[in-house]
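Read-outs: derived from the displayed coordinates by stated rules, not from any lab. All values derive from a computational prediction rather than experimental measurement. Glycine gets a Cβ as well: all are built from the backbone with ideal geometry, and neighbour counts include every protein chain shown.
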Amino acid sequence: MKYGVCGGMTIGSIAAQAAYDYMEWSVADLLCPLAPEPAFQAACAAVQASHLPYEVANSFVPGSLKITGPAVDGQALDAYVRTVMERAERIGLEIIVFGSGGARQIPVGFDRKRAHEQIVTFCRMVGPIALAHGITVAVEPLNKAECNVLNTVDECAGLVDEVAHPSIRLLADAYHMMRDGDPVRSIVEHGHLLAHVHIATIPNRYAPGAETCDFTSFFAALAAVRYDGRISIEGKIPHPETELPAAIALMCE
């Protein structure tokens, strides 16, 4: 297992001292896909100077670029994805997380079957572009308070199976699963699709160990499928100097 932290350069230096393996940050901050090349070059320079490699990016698509609903612009999405993947390869990313609740949120009154078809179309467009640049896209289930579609591991696994492309895989997030009561058995059932993992506590979304939260069944499910990939802390870390060492010690038990 490789352990990482979601955040910028400042927390990255603390994570390096605590023996984490990599960092994860947003597509917007790492790749600047809506900005011209000089902005991306500045981001590259910052990554090269960082204490840990940035191997994963999250928040794939901004909420202003819709994937579902009547305002979908297929050409704009295609151009955006091509920029993201080209820059992702150049900066050394391996995984991009497809949460993007604002972009995939189904508008009120919009046909859910049509929205599902739009999400499938988007993922089938993304897959070959991602593959050409050596990137894996991990579909993230989001809790129902954050998005109204793709809320469970089962639902996201169904999407991955329907898209049927090797670059479109699955993510499991302990926080979202525990918040909505998504059973860990779904990790066991779909473990062959799993490409990335997020972790944070409930109810307050802190790093493991920062508040009482039992991850026993979550880690047991990962062990059952012999998951040996990356696991990123994605949550609030108000005291990283103490909380990050404690979290990695707990996760490695």
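Kindly indicate which of THR136, THR121 is within 18 Å of the chain's Cα centre (by Cα) and among the hydroxyl-bearing types (Ser, Thr, Tyr).
On the way: THR121 fails: within 18 Å of the chain's Cα centre (by Cα).
Among THR136, THR121, only THR136 is within 18 Å of the chain's Cα centre (by Cα) and among the hydroxyl-bearing types (Ser, Thr, Tyr).
When ASN143 is tested against (1) touching a strand residue (DSSP E or B) at 6+ places or on another chain (Cβ under 9 Å); (2) surrounded by fewer than 20 Cβ atoms within 10 Å (Cβ to Cβ); (3) touching a residue at least 40 places away in the same chain (Cβ under 8 Å), just one condition goes unmet, and that condition is (3).
Please determine whether any residue of segment 94-102 is in contact (Cβ under 8 Å) with a residue 40 or more places away in the chain, assigned to a helix (DSSP H, G or I) and either surrounded by 23 or more Cβ atoms within 10 Å (Cβ to Cβ) or hydrophobic (A, V, I, L, M, F, W, C) (or both).
The initial filter retains those residues of segment 94-102 that are in contact (Cβ under 8 Å) with a residue 40 or more places away in the chain, namely 94-102.
If we keep only those that are assigned to a helix (DSSP H, G or I) too, we end up with 101-102.
Right, trim to either surrounded by 23 or more Cβ atoms within 10 Å (Cβ to Cβ) or hydrophobic (A, V, I, L, M, F, W, C) (or both) and you get none.
No.
Among the residues of segment 55-89, those identified as crowded, with 16+ Cβ neighbours inside 10 Å, in contact with a His (Cβ under 7 Å, 6 or more places away or on another chain) and assigned to a helix (DSSP H, G or I) are MET85, GLU86, ALA88. The single condition among (1) in contact with a Gly (Cβ under 6 Å, 6 or more places away or on another chain); (2) in a helix (DSSP H, G or I) that SER232 does not meet is (2).
For segment 32-91, which positions are on the phi > 0 side of the Ramachandran plot and within 21 Å of the chain's Cα centre (by Cα)? Show your work before the answer.
Residues of segment 32-91 that are on the phi > 0 side of the Ramachandran plot, as a first pass: 32, 59, 69.
Answer for segment 32-91, where residues must be on the phi > 0 side of the Ramachandran plot and within 21 Å of the chain's Cα centre (by Cα): CYS32, SER59.
Against the list (1) part of a loop (DSSP other than H, G, I, E, B); (2) in contact with a Leu (Cβ under 7 Å, 6 or more places away or on another chain), the condition PHE110 fails is (2).
Among the residues of segment 190-223, those identified as farther than 15 Å from MET177 by Cβ and surrounded by fewer than 19 Cβ atoms within 10 Å (Cβ to Cβ) are HIS192, ASN204, GLU211, THR212, ALA223.
Among helices (runs of 4 or more DSSP H) entirely within segment 113-222, having at least 1 residues that are within 23 Å of THR68 (Cα to Cα) singles out 153-163, 174-180. Could you say whether any residue in segment 21-40 is without any contact (Cβ under 8 Å) to a residue 40 or more places away in the chain, among the polar types (S, T, N, Q) and either in contact with a Pro (Cβ under 7 Å, 6 or more places away or on another chain) or in a helix (DSSP H, G or I) (or both)? Scanning segment 21-40 turns up no residue that is without any contact (Cβ under 8 Å) to a residue 40 or more places away in the chain, among the polar types (S, T, N, Q) and either in contact with a Pro (Cβ under 7 Å, 6 or more places away or on another chain) or in a helix (DSSP H, G or I) (or both).
Take segment 120-134 and flag every residue that is β-branched (Val, Ile, Thr) and surrounded by fewer than 22 Cβ atoms within 10 Å (Cβ to Cβ).
Filtering segment 120-134 for residues β-branched (Val, Ile, Thr) gives 120-121, 126, 129.
Listed by number, the residues that qualify are VAL120, THR121, ILE129.
For segment 1-20, the candidate set comprises residues that are hydroxyl-bearing (Ser, Thr, Tyr) and outside any strand (DSSP E or B); within that set, the residue that is surrounded by the most Cβ atoms within 10 Å (Cβ to Cβ) is TYR20.
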